[in-house]
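Here's the structure we're looking at; comments come further down.
The values are calculated or read from the model by the stated rules, or taken from the named source; none is laboratory data. Note that this is a predicted model, so its numbers are computed, not measured. Cβ sites come from the backbone with ideal geometry, for glycine too, and all protein chains shown count toward neighbours.
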Amino acid sequence: MNGHAVWAIYRQEMARTRRTLLQSIVSPVISTSLYFVVFGAAIGSRIEEIDGISYGAFIVPGLIMLSLLTQSISNAAFGIYFPKFVGTIYELLSAPISYFEIVIAFVGAAATKSIILGLIILATAFLFVPMQIMHPAVMLLFLVLTAFTFSLFGFIIGIWADGFEKLQLVPLLIVTPLTFLGGSFYSIDMLPPFWRTVTLFNPVVYLVSGFRWSFYGQSDVNVVVSLGMTLAFLAACLAIVAWIFRTGYKLKT
């Protein structure tokens, strides 16, 4: 493996984060903190406990997952789209670096940013609501897997997009609504049987459910199933990325 090339790309992407610190880190943390204040304190005080968990604490895993998904996609999509936009992607493709190393560098940087953001939001949550993490190792596993999976998904979007507006199309119109409807603010057991069945087709349900289990030992879906669905989506993203580089989809023209 060409470690120098991977490190150079990774370092460049991380440096971009430091230059846009307000947008990359501060803004998502402030936005999530407002959710803690509005839903956790104002509305949560009027809602009964869910499965024995205070509402403010119950929504913490869902809010972290919401930020993690959107930021992973955004970071990875912009990271690979910008070289396409300015034309430096062709220099990268002609350099002595494999496609695998390119993916590792861009996706690794995007996932690192998202993991750092997720941990900062988690630390911030302790300032607003009392909570515990029953299974910290599982929590970190879901955090890392989700960051890398959706960074790969964002990488695919960045390759597919042919304009800056398309970079936000999928996150805003698909990912964010799926996250809100994926049990971030409620338990799917509270839904009528028909809508609970429909909700199980939402992949975000498994992410939020597994992540919440790591905090409180309770979930809407079995944690093994949640982990399996996460790994399946990761495998699907890897297969699509492999196909993109094998065929040169939107890279060779």
Notebook entry, point to check: Do the conditions hold for Y186, that is, is it in contact with a strand residue (DSSP E or B) (Cβ under 9 Å, 6 or more places away or on another chain) and either part of a helix (DSSP H, G or I) or of a type in the set (S, T, Y) (or both)?
Noted result: yes
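Matching residues to (1) more than 24 Å from Y216 (Cβ to Cβ); (2) modelled with pLDDT of 85 or more:
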position	(1), (2)
V38	no, no
I43	no, no
I59	no, yes
M65	no, yes
F78	yes, yes
V86	yes, no
A109	yes, yes
L122	no, yes
I133	no, yes
Check: Which one of I80, I89 is over 15 Å from T149 (Cβ atoms) and either crowded, with 21+ Cβ neighbours inside 10 Å or touching a Lys or Arg at 6+ places or on another chain (Cβ under 9 Å) (or both)?
Finding: I80
Next item on the list: Starting from the range 160-178, keep only residues that are without any contact (Cβ under 8 Å) to a residue 60 or more places away in the chain, then list their pairs with residues that are surrounded by 17 or more Cβ atoms within 10 Å (Cβ to Cβ) whose Cβ atoms are within a distance under 7 Å, requiring at least 6 positions of separation or different chains.
Entry: L178/N202; L178/V204
Check: Got a sec? Which of I240, I244, I188 is touching a residue at least 12 places away in the same chain (Cβ under 8 Å), β-branched (V, I, T) and in contact with an Asp or Glu (Cβ under 6 Å, 6 or more places away or on another chain)?
Finding: I188
Notebook entry, point to check: Taking interchain pairs and intrachain pairs at least six residues apart, which have beta carbon atoms under 7 angstrom, with the first residue in the range 94-114 and surrounded by 19 or more Cβ atoms within 10 Å (Cβ to Cβ) and the second of a type in the set (K, R) and assigned to a helix (DSSP H, G or I)?
Noted result: none
Check: Is at least one residue of the range 207-228 modelled with pLDDT under 90, of a type in the set (S, T, Y), touching a Ser or Thr at 6+ places or on another chain (Cβ under 6 Å) and surrounded by 18 or more Cβ atoms within 10 Å (Cβ to Cβ)?
Finding: yes
Next item on the list: Quick one: in the range 143-197, of everything that is of a type in the set (F, W, Y) and more than 10 Å from the chain's Cα centre (by Cα), which residue is surrounded by the fewest Cβ atoms within 10 Å (Cβ to Cβ)?
Entry: F194
